[in-house]
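Please treat every number below as a calculation from the coordinates, not as lab data. Just so it is clear, the model here is predicted, and its values are computed rather than measured. Here the Cβ positions follow ideal geometry from the backbone for every residue, glycine too, while neighbour counts run over all protein chains shown.
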Amino acid sequence: MANLVYLVPLFPLIGFLINGLFWKRMPKALGGIIGTVAILASFIVSLGIFFEVKSEAFHGPVIVTLFDFINSGTLQVPFAFQVDALSSLFLLIITGVGFLIHVYSTSYMSHDEGMVKYFAYLNLFVFSMLLLVLGANYLIMFIGWEGVGLCSYLLIGFWFKNREFTNAAKKAFVMNRIGDLGFLVGMLLVLFNFGTLSYMDFFGKINDASTVVPSSIYNWIALCFFIGATGKSAQLPLYTWLPDAMAGPTPVSALIHAATMVTAGIYMIARSGALYNLTPEVLHVIGIVGLATATLAATIAIFQYDIKKVLAYSTVSQLGFMFLALGVGAYTTAVFHVMTHAFFKALLFLGSGSVIHAMGGEQDIRKMGGLGKHMRVTQATFLIGCLAISGIPGLSGFFSKDEILASVFGHSTIMYALGIVAAMMTAFYMFRLYFLTFNGSFRGTEEQKSHLHESPAAVTIPLIVLAILSIVGGYVGLPAVMSEHNVLASYLSPVITNLGEHHLDHSTEWMLMGLSVAAAVIMIIFAWSLNRKPNFAENKGLAKVLENKWYVDEIYDALIVKPIDALSGVLDKFVDRRGIDGIVNGVGKTVRWGGDRLRLLQTGQVGFYIFIMVLGIVVLFTISFFWVK
Amino acid sequence: MILILLILIPLLTGVLSFSIKGEGAKMLALISSVVTMIVSAYVSGANSPEPITYSHEWIPMLGTQFSLLADGMSSMLCLLTGIVTMVVMITNFNKEVENPGSFHGFLLLAQAGLMGVFLASDALLFYFFWELALIPVYFLCSRWGGEKRIPVTFKFFVYTFVGSLMLLAALIYLSLQTQGINSYAWADIVRAGSSLPPAQQQGLFWLVFIAFAIKMPIFPFHTWQPDTYEQSPTPVTIILSALMVKMGLYAVLRWLLPVLPSGVEYWSDTVILLSVIGIVYTSLIAIKQTDIKRLIAYSSIAHMGLMCAVAFTNTNIGMHGIMVQMFNHGINITGMWLIVSMIENRWGTRDMTKLGGIATAAPAMAIMLVIISLANIALPLTNGFVGEFMLFNGLFRGDSAQHIMTMVVAGLGIILGAVYTLNMIQKTAYGEVVEMKITKDLTINEYAGLAIIISLIIFLGVYPKPLLDLTSEIAGMIVH
């Protein structure tokens, strides 16, 4: 089965080509079916691969080489895939959650005239993400890496008549490109120092004692890769594109935030664990950046009124948690959180889409309220999502978040404390969102009220499936106090070597667990009491700063965008046109001017010519007399 | 014998074209360009393991021979010339042009000149074709160009001609240094040049390099280019930007690097610095352009800057990357200009601030625009990426701070490239539809021309092996 791995990206590629080439004539419903079936087929193959990798008979990674990609002298980069525990797990997440999002989209996008094009892009997105996780070397990862950047660009700007949306799309692409440059430099460093881009060779050489590469190089490589990850996975300072990315259709947000794209950075660092284990300083940086992002995004999320914006900042914050886990060397834990997060974040985004549809496109939670009465399934599943992300025991988010906080506790108590604060804010803003949307009385217009309805089955079934996964998804990674056997950790153990695992004693672990649960419950109650009678008075002071996202966009604009723009203006108008071109023209003019003057020597008077001639002869004689001996 | 066909076919049909009145000239030009393309494709397939050569007596008293040679690099560039010219003829087929006989005649003559430049293995012959390619372009610009064509073309001509004269002086000097009787043969010139004392090589370097730098063009010798591209009719802009600028780079690889090795070694850091500054400088300027033609012109200077910088790094992979990128840049920029001319044809303007909604009004055109733009910013799985990745590898010769900085500064071009390219897409393709003068998506011949370009973009982006194999040997030879 592992040898058939090329089928996994092939199906979405075919789906993309069919829908992309025949989008004009393709009926909408058929386009949706083709796109969805393609992902289903990939999912089935992925399942087969997963069970094969899980079985006892599977030894080590399988490399499937398709063809030579770039061969030049000593540089040999084949187009090759690597099947192992890590990639097979990501395959399942991507195609599984991706499939549900496709099913959902067949209903959600059915009124959009661009539906076939939409499914073409969606398939291309999944294809790129699959390349990213399947590649057996960094270059193939980079292809997928930039590919998902492109697809997010196309889908964020899907409704391209709206200037704001296309601005958001552009911003996403450029921000990602900044990170990509880091990735590229990292790759070049690897290639220069190790002469290979393949994971197996690279990690082999790293662990080989005979390799003589200064340790500063390891740090540079690790840092460059991490810069790439901050772009793709929306970490400080490159996170600002992700909240704007909700300009695209809502299922796209689910795809970007849950199944594809933003998890790429986590995957990359988990994949390169062998490298990061050698660079504790860089890991430290990653941990701090992750924690800072988790906290910063959480503070912003508390004061947002757009249902999708709250979710977007919660993604940024949760990604911060994952990087925090990576930062303390707990790669498996980060991957665990990627998985549970994929379930509940896809659920939440799709649920918000159901709400937005019912509200006739309205996204402002100040105009919602009391929706629970009208859409029971959406409400119930959304509640499960909120409970999961808040870390309520028994649901998936609890296990993964608890594992992160436990590993951080073993590392640093201050970081742990800040992590708890961020987790508390998570519970608060999620339940603020939940109560404002589904509880209380309706605050929208009468017309909107008459339209409120539960969504059709194509929408609710994916919600139910994701809700079930959000509950049970955590049991693959039970904490040590509950079970001797962590299924996920043992599955990933051949690929990932975690750094310095701290084994807490059982009483400490129980205590930490109790603490985080108590904190979450208190925050939920707090959110409930605060939003029983919602008051939307204009925010002042700090709250206003937070509502405006710490003015980070404005600061970037003033510090980076505007100066560059001004500089280009100056270079264009003055330096290039007047300066450099002025000199060129000046030379031309001087020659012309000189010609004009010299022309006057041609007087036509023979006497003057003879005079000049004699003068010339005298000069020549003088020169030859004094100079040439 | 086959090589002479590459020059003779366009030369003879070009001359013949002047005598044709009316539309028949287009058909003649199309047939001629297809035949030439097929011959160049054959040459590309047949130059291995031994390069194809052709030699004939020319002006023996000057020590010059009519000798041609097609190795991997030459045949790759001939193939590019063949394909680009053919695509130009295909897409131009339904366009109204004044006096089509002479217009196509000049185009074909320029093609003949270009083929000669890429094939000549005799310095004087090379110079002859170098000028021969320039003259038709001068006439094309000054007769069929835009409003400001006369001063712009004059400047273009004088500027490049000054460079050419410097080159000629250097070549004559070099041939005087050859052993025994004077010779302009490539091997003799190389022997003569490389045995000169370093100080002389360092001086001669600039005579030769400036000629090529103007042609590419390299910052700060670039200011003729945006104006000329803007004022030229599109077929001419394509010939200029896809092929003529390659003459400059090709000449560096063939007639500068091996000929003056000590001079090159001495000045390479300077050239790399100039080129890298040029990348960022022109990318920044491109951001501010509102005329699409000027935007692409500056973008092209940035791309050429990267190739030129890498040419002086003396790395195998870098050199190989240049080969690949010369071809791909030619293909991509041809596509860009075609789209621009189609936009101008439908909307009557190239000003981005007055455009919008192509994606709604002409979706096929918009899709092509997006794909070609993505290749222009070197997105993986488009042809642009393979070359750019190899070029950056070449630029990255060590992990000292200086090398990393060079690399990062050049890399800023990647980010800025995304900025101006996506700006252009946003302003032209997205938003509300601006009223069209001619309401029509792509015509059949435009489809055909763009289909060739797009297929090459994707094919060479996914499977670059044929192009890499064609040029790997010669890349290694230039380095060592």
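Computed from the C-alpha gyration tensor, the three semi-axes of the ellipsoid equivalent to the stretch A:538-610 are 65, 7, 5 Å, from longest to shortest. Name the shape class, rounded, prolate or oblate, that the alpha-carbon gyration tensor gives for the stretch A:113-220, where a ≥ b ≥ c are the square roots of its eigenvalues, rounded holds for a/c under 1.5, and otherwise prolate holds if a/b is larger than b/c and oblate otherwise. Oblate, because a/c is 1.5 or more while a/b does not exceed b/c. Using only Cα atoms and rounding to the nearest 10 degrees, what angle (0 to 90) does helix A:280-302 make with the longest principal axis of chain A? The angle comes out near 70 degrees. Alpha-carbon geometry of the protein assembly as shown: the Rg and the Dmax are 32.5, 118 Å, given in that order. Summary value for the stretch B:266-480: 31 percent relative contact order, contacts being C-alpha pairs under 8 angstrom separated by 6+ residues.
If you wrap the tightest convex hull around every Cα atom of chain A and split its volume per residue, you get 255 Å³.
Residue-wise HN-Hα couplings along the stretch A:215-229, as the Karplus relation 6.51 cos²θ - 1.76 cosθ + 1.60 with θ = phi - 60° gives them from phi, are 5, 4, 5, 4, 4, 4, 4, 4, 5, 4, 4, 5, 4, x, 5 Hz; Gly and Pro carry x.
Its residue count N fixes a reference of 2.2 N^0.38 Å for the stretch B:266-480, and the Cα radius of gyration divided by that reference is 1.07.
If you place +1 on the Cβ of every Lys and Arg, -1 on the Cβ of every Asp and Glu, and leave all else neutral, what size is the dipole of the stretch A:557-626 about its Cα centre, to the nearest 20 Debye? All intermediate terms of the calculation are to be shown ahead of the outcome.
Working: 8 positive and 6 negative charges, 62 e Å.
Approximately 300 debye in magnitude.
If one computes the Cα centroid of the stretch A:82-101 and of the stretch A:351-413, what distance in Å separates the two points? If we compute the Cα centre of each part, the gap is 23 Å.
Shown here: the stretch B:372-480, whose C-alpha atoms stretch 55, 33, 19 Å along the first, second and third principal axes, sorted largest to smallest.
For peptide A:507-515, what's the mean number of Cβ atoms from other chains within 10 Å of each residue's Cβ?
Average neighbour count from other chains, rounded to a whole number: 0.
Using θ = phi - 60° in the Karplus curve 6.51 cos²θ - 1.76 cosθ + 1.60, the 3J(HN,Hα) couplings for the stretch A:85-98 round to 4, 5, 5, 5, 5, 5, 4, 4, 4, 5, 6, x, 5, x Hz; x is entered for Gly and Pro. Going through the cross-link list A:Lys171/B:Lys288; B:Lys215/B:Lys465; A:Lys171/A:Lys367, which pairs have a Cα-Cα distance over 24 Å in this structure? Those over the limit are B:Lys215/B:Lys465; A:Lys171/A:Lys367. Here's how it looks for A:Gly391: its modeled amide H is under 5 Å from those of A:Phe398, which are all 5 or more places away or on a different chain. Normalised radius of gyration (Cα atoms, divided by 2.2 N^0.38 Å) for the stretch A:279-534: 1.02. Here is the size of chain B from its Cα atoms: Rg then Dmax, 21.2, 72 Å. For a straight C-alpha distance cut-off of 16 angstrom, the lysines reachable from A:Lys373 (same-chain residues fewer than eight places away being disregarded) are A:Lys449.
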